[in-house]
Structure formats: C-alpha cells, structure tokens
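Working notes, beginning with the structure itself.
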Amino acid sequence: MDSKANIYRSLRRELPFLPAVMAWRAAQSQIDLHKRIRETGFAWEGNFSIEQKAAWEEQGFTLTARVVSDDLGWYEEGVECIGQFQDQWVPGAIEHDRLNPRILTWFVPAFPENGKTLYRRACSYGDDWSYVGIEVSAHRAGIELGTDSVWGIESDTGDDYLTQVAFDLADEAIVTANKSLKDLCGCN
C-alpha cells in the first residue's frame, strides 16, 4: 500500500485541476478504504462490474453486497447527466447518423460545452459500460434485518468506488438492522 504522500502526488499528477486539499482528503479516504477492506476481508467475486457480489462480517452481522444491472439507469440518470438521442434537431444537437433511418439522427447533450465527450460516452453505452445498482443487506442467524441500495452508478467507475459505496450502504443497513433487532426483541 502506498503512503498517503505517494497517493496524494499520484492524484495531483493525474488530476492537476483537483485542489490540493481535495487530493489530500482523497488520499486519506483511499487509505481508510483499503484498511477497512483488510479488516473485514471484503472481496468482490464475479465478472467485471456487473453481477459482482461480496460477503463479509462486521459488527455482528453477515453483510452481502450485490452489483446488479440498472435497466432504468439511462432514463433516470443518463438523460439528465449525459443527454439523449432524438429525431429532431435542436440548437446544440450533434448529428448522429442521418444515413441510417433505423436510428435517431440527433444527440442533444445535457451540457453543450462538453457535447462531444458526452456524445462519445452515450455512443459507448451498452457496449463499454452501463448503469448498475448496489444492494447491501445485513443478516443475523440467516434473517435479513436491514437493507439499503443505490442505483444509477456507471459500471466502469472502478472497484474502489463500488466498494466504498457498498461500505456506505452497509453502514446504513447495520443501523436499520440494529433498529429491527431492538424493535423485535428489545435487545442489541
């Protein structure tokens, strides 16, 4: 594992526009994430970013995380964050493929100042990446006591990001599970 200073320097080289204080915090977050991975034995199993799963023990619960396909992701996130294809021209639209009558001929980027980048991203949707969700559940004695999930994550964000989201969801699922235990039996 790299030192915080090495991670910081690497982030500053890769992302020169990132303010120093943000890079320093990101370096600490990365160290904290990898420490929690080591402490819990967390490990993704499965292919790529879709259909991955992990199971680990924490705070007296068995936790399971699953990365699942988000079939509504493009409609819920992609249109707003990337843009949309349509058959009519509007100002700022990028011509898609006017020679193919079977597809929509214009792409309208969500942010015209980044239109070409967003167009390339939209064209690679479904081939290079897709939207996924992460579901985490907390169990004790085989009984599910708490769950949490988040949707609209781009599948190519990387395992560190998916793991951090899984841990954040696990923390919430544990809170819910503890409340469920208290409600059910008045114990912790």
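Net charge near ALA122, counting Lys/Arg +1 and Asp/Glu -1 over other residues with Cβ under 13 Å of its Cβ? Walk me through the numbers on the way to the answer.
On the way: positive: LYS116, ARG120, ARG121; negative: GLU77, GLU80, ASP97, ASP127, ASP128, GLU154.
Combined, the nearby Lys, Arg, Asp and Glu give -3.
Stick to Cα atoms and the Kirkwood definition of Rh, then tell me Rg/Rh for the chain. Mind dumping the intermediate values first?
On the way: Rg = 20.8 Å, Rh = 19.3 Å.
Across the chain, the Cα-based Rg/Rh ratio is 1.08.
Can you list residues whose amide H is under 5 Å from LEU145's amide H, if they're 5+ apart or on another chain and H is modeled 1.01 Å from N?
Amide H to amide H, under 5 Å and 5 or more residues apart or across chains, LEU145 pairs with ALA138, HIS139, ARG140.
Could you tell me the largest-minus-smallest coordinate of the C-alpha atoms of region 83-124 on each of the three principal axes, in descending order and whole angstroms?
27, 23, 12
Jot down the per residue volume, in cubic angstrom and as a whole number, of the convex hull over the alpha-carbon atoms of region 1-62. All intermediate terms of the calculation are to be shown ahead of the outcome.
Working: hull volume 7.2 nm³, N = 62.
Per residue, the Cα convex hull of region 1-62 comes to 116 Å³.
How many angstrom separate the Cα center of region 171-186 from the Cα center of region 74-117?
Between the Cα centre of region 171-186 and that of region 74-117, the gap is 46 Å.
What FRET efficiency would be calculated for the residue pair GLN88, LEU15, taking the C-beta separation as r and a Förster radius of 45 Å, to the nearest 0.05?
Values: r = 38 Å, r/R0 = 0.84.
Between GLN88 and LEU15 the formula returns 0.75.
Per DSSP helix of 4 or more residues, -39500 (n - 2.57); summed, then divided by the residues of the chain. What does that give at 222 nm, rounded to the nearest 500? Intermediate values should be presented prior to the final figure.
Working: 4 runs with 69 residues, N = 188.
That comes out to -12500 deg cm²/dmol.
Between exposed trypsin sites (Lys or Arg not before Pro) in the chain, where DSSP calls loop and at most 15 other Cβ atoms lie within 10 Å, what's the longest gap? Write out the running numbers ahead of the final one.
Numbers: sites that count: ARG98, ARG102.
Result, exposed sites excluded: 1-97.
Just to verify a number: FRET efficiency for GLU39 and ASN6, C-beta to C-beta distance, R0 = 25 Å, to 0.05?
Values: r = 22 Å, r/R0 = 0.86.
Calculated transfer efficiency: 0.70.
Just so you know, all these numbers are worked out from the coordinates, no wet-lab data involved. Values in this document were obtained by computation on a predicted structure and should not be read as measured data. FYI the Cβ positions are ideal-geometry reconstructions off the backbone, even for glycines, and counts take in every protein chain you see.
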